[in-house]
Amino acid sequence: MESKVNYTAVGSFVIAMVVALAGAVWWLSTGARQTDTTTYLIYATDNVNGLSPASDVLYRGVAVGRVTSIDIDPRNATLIRIQVAIKSNVPVRKDTVAQLSPRGVTGLSVINLSGGHSAQPLLPQPGQPYAVIRYVPSVFSRLEGGLNDAAVTLSKIANRLDTLLSPANVRAISQTLHHVERTTAELDAHRQDIGATLDNLRRGSEELAALGLQGQRLGDHADVTLEQVRHTAAAAQDALGQLQRAAQDWQRAGDNAARLGEVGTQAAQQLRNRTLPDYERLGVQLQALSRQLTELSRSLQHNPNQLLFGAPLPPPGPGEH
C-alpha cells in the first residue's frame with residue numbers, strides 16, 4: 001500500500017522553518033543590537049590581525065558593541081580606521097582608551113575599552129560626524145614591534161659581519177696581525193733601549209717639574225717685585241705731588257716777595273721825598289734850640305736870680321735914660 005505524502009506541504013514547511021531560522025539568526029546577530037547604539041571611530045597605529053567586521057567591542061571584558069567597518073585611513077596610510085557601534089548607555093568618556101586584544105587561541109581579536117573615570121563624555125570634534133576614541137597599542141603589538149626591530153637590527157649586524165669577514169678583509173686582518181707580531185718581536189728585542197728611553201723621559205719629566213717649580217718661584221718673586229714697584233710708584237707719585245705743592249707755595253712766596261719789594265720801593269720813595277726833608281728841618285730846629293738852651297744855661301750860671309726876676313734889661317743905648 002502506497003503512502004500518500006503531500007510533498008507540497010512538506011516543502012512549504014521546510015521553507016517556513018528555514019525562513020524562521022534565518023530570521024532568528026538575523027535578529028540575534030544584528031536586529032537585537034541595532035537599537036540604542038552610538039557610532040565611534042578608532043584609529044589604530046599597529047597591526048590589526050584577527051580583527052574583522054562584526055568583531056566584539058568589550059568594555060572591561062563586557063560585550064558592549066561590535067565593529068562595523070575596517071578601512072585604511074585615506075588621509076594617512078599608516079592609520080587603520082575602525083568604526084564601531086557601542087550601546088548608548090555605555091559610559092564612553094574623554095579618558096576612555098581602546099586596545100586590540102587577542103581572544104583565546106583562535107587567532108581572533110576584539111576591541112577592549114578601558115578608562116572612563118572622567119566626568120566629561122566623549123563628544124565629536126567640531127565638523128566631525130563621530131567622536132574618536134584614543135587608541136593604545138597592545139602589549140603584544142609592542143612586543144611584535146620590538147621583535148621586528150630586533151630582527152632588523154640583527155639582520156643589519158649579520159650583513160655588517162659578512163662585510164667585515166669578507167676574504168679581502170680577512171687577508172687584511174691577517175696581515176695586520178702579522179705586522180703586530182713583528183712589531184711585538186722588535187719591541188721585545190729593544191726592550192732595554194726602551195727601558196733606558198723611559199728612564200730618560202722620567203728624568204726629563206723630573207727636571208721639567210723642577211724647572212716648573214723654579215718658574216713658579218720666579219713668578220712669585222716677580223709678583224712681589226711688581227707689588228713693590230707699584231708701592232714705589234705710588235710713593236713717587238705722592239712725592240711729586242708734594243713737590244708740585246711746594247713749588248706752588250714757593251711761587252706764591254715769590255709773588256708775595258715781589259709785591260713786598262714793590263711796597264718797600266714805594267715806601268723808600270715816600271721816605272726820601274717827604275719824610276727826610278722834614279727830618280732835616282727838625283734837625284736844624286733842634287740845633288737852634290740846643291744853642292738857645294746852652295746860652296740859657298750859661299746865663300743862669302752867671303746870674304741865677306734871673307729865674308726870679310727875669311732876665312736883666314739890656315743897657316740903654318745912647319740917648320736912652
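Could you tell me whether any residue of the range 277-296 is in contact with a helix residue (DSSP H, G or I) (Cβ under 9 Å, 6 or more places away or on another chain), open to solvent by 70 Å² or more (accessible area, probe 1.4 Å) and at pLDDT below 75?
no
List every residue pair whose Cβ atoms sit under 6 Å apart, with the two residues 6 or more apart in sequence or on different chains, where the first one lies in the range 65-85 and is closer than 13 Å to Ser52 by Cα and the second, anywhere, is in a loop (DSSP other than H, G, I, E, B) and polar (S, T, N, Q).
Val67/Ser55
The values are calculated or read from the model by the stated rules, or taken from the named source; none is laboratory data. Bear in mind that the values here come from a model prediction, so they are computed numbers and not experimental data. Heads up, the Cβs are rebuilt from the backbone with ideal geometry, glycines too, and the neighbour counts pull from every protein chain shown. Surface accessibility is based on the protein's heavy atoms, side chains included, excluding ligands, DNA and RNA. Shrake-Rupley method; radii C 1.70, N 1.55, O 1.52, S 1.80 Å.
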